[in-house]
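**Q** Once you've had a glance at the structure underneath, I'll fire off some questions.
The values are calculated or read from the model by the stated rules, or taken from the named source; none is laboratory data. Everything numeric here is computed off the predicted structure, so don't read it as measured data. Using ideal geometry, Cβ is built from the backbone for each residue, glycine included, and neighbour counts are taken over all protein chains shown.
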Amino acid sequence: MIRLAALLILALTTALPAGAFETRAGAAWVYDVTTGTVLLSKNADEMLPPASMSKLMTLNMLFEALRDGRVRLDERFAVSARAKAMGGSTMFLNETDRPTVEELIKGIVVLSGNDACVVVAEGLAGTEEDFARKMNERAKSLGLEHSTFANSHGWPHPNQRMSMHDLGQLSVRLIEEFPEYYGYFALTEFPYDGRSPDNRFNRNPLLKLGIGADGLKTGHTEEAGYGLVGSAIQDGRRIVFAVNGLANERERAEESERIVTWAFREFVQKTIAPKGTRISEADIWLGEISRVGLVVEEDLSLLLPSLAREKLKANIVYTGPIEAPVEEGQKLAEMIVEIPGVEPVSIPLVAERAVPRGGFTTRLRTAFGVLSKRVLAEIGI
């Protein structure tokens with residue numbers, strides 16, 4: 001039987017936001033990494049041309065190779081005629097060059113080098129076609145359900161598609177799984193061999209604004225419009241966002257700054273239940289006791305609209321009664337918290353104590369209770 005118990009968290013009041021955030025981006029996803037809260041989702045699962053933002057997947061593949069020991073930062077890669085022939089934004093590599101892996105990372109992050117991406121693809125997989133196949137396989141295993149890849153650099157192709165949700169998820173992975181390499185995304189300049197003075201600056205407009213921005217990647221094609229995958233951290237809170245379909249560089253810069261300002265200014269993080277707080281109880285079947293407390297296993301912090309006056313609402317959801325034995329700390333239920341202005345948050349609830357299976361007397365009492373209920377039901381009482 002599914003049990004639903006309405007719950008008001010009375011110790012905290014929140015408020016409805018002054019108004020839903022409206023973005024000029026055609027698609028957007030904004031996520032608070034610290035609390036795991038989706039702040040904004042607009043056409044976030046639509047598969048769109050990602051332009052150079054898809055270079056983040058190429059970097060993920062390279063970071064994984066570094067972590068696994070398949071390559072080193074000081075290892076040098078060959079430059080093929082195909083890589084040299086790449087147009088658009090490049091490192092201006094030629095076939096006599098042997099750039100290091102670290103130089104290629106900087107070339108992709110800062111210079112958005114299409115040639116650098118091909119060098120990485122061929123260095124890791126032999127051909128760019130095989131690398132794209134590996135990108136697709138890895139994307140699937142990472143749960144990037146709305147992404148397909150045809151190349152390593154993001155040039156227009158019918159099969160080069162990513163959703164803003166997937167780009168955001170991938171960015172969180174790069175931040176959390178590869179902290180030793182994430183610092184490259186904050187570089188504002190990389191004058192590789194002095195070859196491209198006009199292309200040595202990072203295109204991310206947020207990096208010099210002093211708002212905690214430290215990544216990740218811009219993108220632009222005629223088909224895609226202007227996009228940006230960004231991240232910023234303030235007072236220990238980190239957000240990640242992905243936007244696409246903006247009209248020009250100025251609009252991309254303005255909209256990205258607006259999103260960062262809104263995400264930090266309009267939401268506050270609060271601890272509303274310390275670890276071990278009893279939230280509710282669950283019925284136990286054939287246990288030494290008939291009910292057990294449901295508690296939060298970690299301090300419960302939520303991201304809340306900063307202007308609120310409405311009480312939070314939550315539902316406790318579990319399938320019960322729960323058959324004994326039950327272990328202390330065993331997950332028994334979910335608390336679904338409804339927060340004004342953002343998506344509901346699911347919090348696991350665990351058993352407050354262990355409940356051993358009852359003895360003969362318990363089973364006899366339970367059987368008698370069940371039989372009594374059946375008899376009363378049959379005679380209409």
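**Q** Take the conditions over 26 Å from residue 44 (Cα atoms) and out of contact with any helix residue (DSSP H, G or I) (no Cβ under 9 Å at 6 or more places or on another chain) and apply them to residue 292. Does it pass?
**A** Answer is yes for this residue.
**Q** Also, I was wondering about something else. Mind listing just one residue for me: the one in segment 324-336 that is buried (at least 19 other Cβ atoms within 10 Å of the Cβ) and within 30 Å of the chain's Cα centre (by Cα) and, of those, farthest from residue 314 (Cα to Cα)?
**A** Residues of segment 324-336 buried (at least 19 other Cβ atoms within 10 Å of the Cβ): 324, 326, 332-333, 335.
Now drop any that are not within 30 Å of the chain's Cα centre (by Cα), which leaves 332-333, 335.
Numbers: 332: 16, 333: 13, 335: 6 Å.
This residue is 332.
**Q** Now, a different point. Between a residue in segment 50-72 that is under 14 Å from residue 142 (Cβ atoms) and any residue that is part of a helix (DSSP H, G or I) and not hydrophobic (A, V, I, L, M, F, W, C), which pairs come within a Cβ distance under 6 Å, given they are 6 or more apart or on different chains?
**A** Pairs found: 63/181.
**Q** Out of the residues in segment 71-82 that are under 32 Å from the mean Cα position of the chain (by Cα) and surrounded by 15 or more Cβ atoms within 10 Å (Cβ to Cβ), which is nearest to residue 102 (Cα to Cα)? Spell out how you get there, then give the answer.
**A** Let us first name the residues in segment 71-82 that are under 32 Å from the mean Cα position of the chain (by Cα), namely 71-75, 77.
Cutting the leftovers down to surrounded by 15 or more Cβ atoms within 10 Å (Cβ to Cβ) gives us 71, 75, 77.
Numbers: 71: 11, 75: 8, 77: 10 Å.
The residue in question is 75.
**Q** Suppose we filter 121, 83, 139, 78 for residues that are out of contact with any Asp or Glu (no Cβ under 6 Å at 6 or more places or on another chain), of a type in the set (A, V, I, L, M) and assigned to a helix (DSSP H, G or I); which single one remains?
**A** Details: 121 fails: out of contact with any Asp or Glu (no Cβ under 6 Å at 6 or more places or on another chain); 83 fails: out of contact with any Asp or Glu (no Cβ under 6 Å at 6 or more places or on another chain); 78 fails: assigned to a helix (DSSP H, G or I).
139 is the lone residue from the list that is out of contact with any Asp or Glu (no Cβ under 6 Å at 6 or more places or on another chain), of a type in the set (A, V, I, L, M) and assigned to a helix (DSSP H, G or I).
**Q** Then there is this: For segment 48-70, which residues satisfy the criterion of being surrounded by fewer than 17 Cβ atoms within 10 Å (Cβ to Cβ) and assigned to a loop (DSSP other than H, G, I, E, B)? Before you say what the answer is, go through the steps one by one.
**A** In the first step, residues of segment 48-70 are kept if they are surrounded by fewer than 17 Cβ atoms within 10 Å (Cβ to Cβ); the result is 64, 67-70.
68, 69, 70 - these are the residues of segment 48-70 that are surrounded by fewer than 17 Cβ atoms within 10 Å (Cβ to Cβ) and assigned to a loop (DSSP other than H, G, I, E, B).
**Q** Is it the case that some residue within segment 255-271 is surrounded by fewer than 19 Cβ atoms within 10 Å (Cβ to Cβ), in contact (Cβ under 8 Å) with a residue 60 or more places away in the chain and either more than 16 Å from residue 40 (Cα to Cα) or aliphatic (A, V, I, L, M) (or both)?
**A** Yes, segment 255-271 contains at least one residue that is surrounded by fewer than 19 Cβ atoms within 10 Å (Cβ to Cβ), in contact (Cβ under 8 Å) with a residue 60 or more places away in the chain and either more than 16 Å from residue 40 (Cα to Cα) or aliphatic (A, V, I, L, M) (or both).
**Q** Separate question: Only one of 275, 270 is in a loop (DSSP other than H, G, I, E, B) and not hydroxyl-bearing (Ser, Thr, Tyr). Can you tell me which? Talk me through it step by step, then tell me what you get.
**A** Values: 270 fails: in a loop (DSSP other than H, G, I, E, B).
Just one listed residue meets the conditions, 275.
**Q** How many residues does segment 147-164 hold that are assigned to a loop (DSSP other than H, G, I, E, B) and crowded, with 18+ Cβ neighbours inside 10 Å? Spell out the reasoning first.
**A** Looking only at segment 147-164, we keep the residues that are assigned to a loop (DSSP other than H, G, I, E, B), and these are 149-160, 163.
If we keep only those that are crowded, with 18+ Cβ neighbours inside 10 Å too, we end up with 149-155, 160, 163.
Qualifying residue count, segment 147-164: 9.
**Q** Further, regarding this structure: Taking the stated definitions as given, is residue 93 assigned to a helix (DSSP H, G or I), surrounded by 23 or more Cβ atoms within 10 Å (Cβ to Cβ) and either in contact with an Asp or Glu (Cβ under 7 Å, 6 or more places away or on another chain) or not aromatic (Phe, Trp, Tyr) (or both)? Before you say what the answer is, go through the steps one by one.
**A** Values: assigned to a helix (DSSP H, G or I): no; surrounded by 23 or more Cβ atoms within 10 Å (Cβ to Cβ): yes; either in contact with an Asp or Glu (Cβ under 7 Å, 6 or more places away or on another chain) or not aromatic (Phe, Trp, Tyr) (or both): yes.
Here the answer is no, as residue 93 does not meet what is asked.
**Q** Scan 174, 207, 144, 167 and give me the residue that is assigned to a loop (DSSP other than H, G, I, E, B) and touching a Leu at 6+ places or on another chain (Cβ under 8 Å). Spell out how you get there, then give the answer.
**A** Numbers: 174 fails: assigned to a loop (DSSP other than H, G, I, E, B); 207 fails: touching a Leu at 6+ places or on another chain (Cβ under 8 Å); 167 fails: assigned to a loop (DSSP other than H, G, I, E, B).
Going through 174, 207, 144, 167 in turn, just one is assigned to a loop (DSSP other than H, G, I, E, B) and touching a Leu at 6+ places or on another chain (Cβ under 8 Å): 144.
**Q** Hey, another quick one. Among the numbered criteria (1) surrounded by 16 or more Cβ atoms within 10 Å (Cβ to Cβ); (2) polar (S, T, N, Q); (3) not assigned by TED's automatic domain parsing to the domain that holds residue 180, which single criterion is violated by residue 306?
**A** Exception for residue 306: condition (1).
**Q** Within the bounds of segment 240-252, is there any residue that is surrounded by fewer than 17 Cβ atoms within 10 Å (Cβ to Cβ) and within 20 Å of the chain's Cα centre (by Cα)?
**A** Filtering segment 240-252 down to residues surrounded by fewer than 17 Cβ atoms within 10 Å (Cβ to Cβ) leaves 247-251.
Adding the requirement that they be within 20 Å of the chain's Cα centre (by Cα) leaves none.
No, segment 240-252 contains no residue that is surrounded by fewer than 17 Cβ atoms within 10 Å (Cβ to Cβ) and within 20 Å of the chain's Cα centre (by Cα).
This table checks each residue for (1) part of a loop (DSSP other than H, G, I, E, B); (2) farther than 30 Å from residue 22 by Cβ; (3) at pLDDT below 85; (4) in the same structural domain as residue 341 (by TED's automatic domain parsing).
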| position | (1), (2), (3), (4) |
| --- | --- |
| 254 | no, no, no, no |
| 259 | no, no, no, no |
| 264 | no, no, no, no |
| 282 | no, yes, no, yes |
| 301 | no, no, yes, yes |
| 313 | no, no, yes, yes |
| 317 | no, yes, no, yes |
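**Q** Looking at segment 223-251 only, could you name the residues that are assigned to a loop (DSSP other than H, G, I, E, B), in contact (Cβ under 8 Å) with a residue 60 or more places away in the chain and acidic (Asp, Glu)?
**A** 223
**Q** Scanning for something closer than 20 Å to residue 114 by Cβ, among the polar types (S, T, N, Q) and in contact with a helix residue (DSSP H, G or I) (Cβ under 6 Å, 6 or more places away or on another chain), does segment 190-197 turn up at least one residue?
**A** Restricting attention to segment 190-197, the residues satisfying the condition of being closer than 20 Å to residue 114 by Cβ are 190-197.
Next, from what is left, pick out any that are among the polar types (S, T, N, Q): 196.
The next check asks that each one be in contact with a helix residue (DSSP H, G or I) (Cβ under 6 Å, 6 or more places away or on another chain); those that pass are none.
Within segment 190-197, none of the residues are closer than 20 Å to residue 114 by Cβ, among the polar types (S, T, N, Q) and in contact with a helix residue (DSSP H, G or I) (Cβ under 6 Å, 6 or more places away or on another chain).
**Q** I'm trying to understand the selection: among the residues of segment 191-204, which are part of a loop (DSSP other than H, G, I, E, B), over 28 Å from the mean Cα position of the chain (by Cα) and surrounded by 15 or more Cβ atoms within 10 Å (Cβ to Cβ)?
**A** Initial filter on segment 191-204 (part of a loop (DSSP other than H, G, I, E, B)): 191, 195-196, 200, 202-204.
With over 28 Å from the mean Cα position of the chain (by Cα) added as a condition, the list becomes 191, 195-196, 200.
195, 196, 200 - these are the residues of segment 191-204 that are part of a loop (DSSP other than H, G, I, E, B), over 28 Å from the mean Cα position of the chain (by Cα) and surrounded by 15 or more Cβ atoms within 10 Å (Cβ to Cβ).
One line per residue, one yes/no per condition, for (1) charged (D, E, K, R); (2) assigned by TED's automatic domain parsing to the domain that holds residue 93; (3) touching a strand residue (DSSP E or B) at 6+ places or on another chain (Cβ under 8 Å):
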site: 160; (1), (2), (3): no, yes, yes
site: 172; (1), (2), (3): no, yes, yes
site: 179; (1), (2), (3): no, yes, no
site: 186; (1), (2), (3): no, yes, yes
site: 200; (1), (2), (3): yes, yes, yes
site: 210; (1), (2), (3): no, yes, no
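**Q** While we're here: Which of (1) at negative phi; (2) touching a residue at least 24 places away in the same chain (Cβ under 8 Å) does residue 180 not meet, given it meets every other one?
**A** (2)
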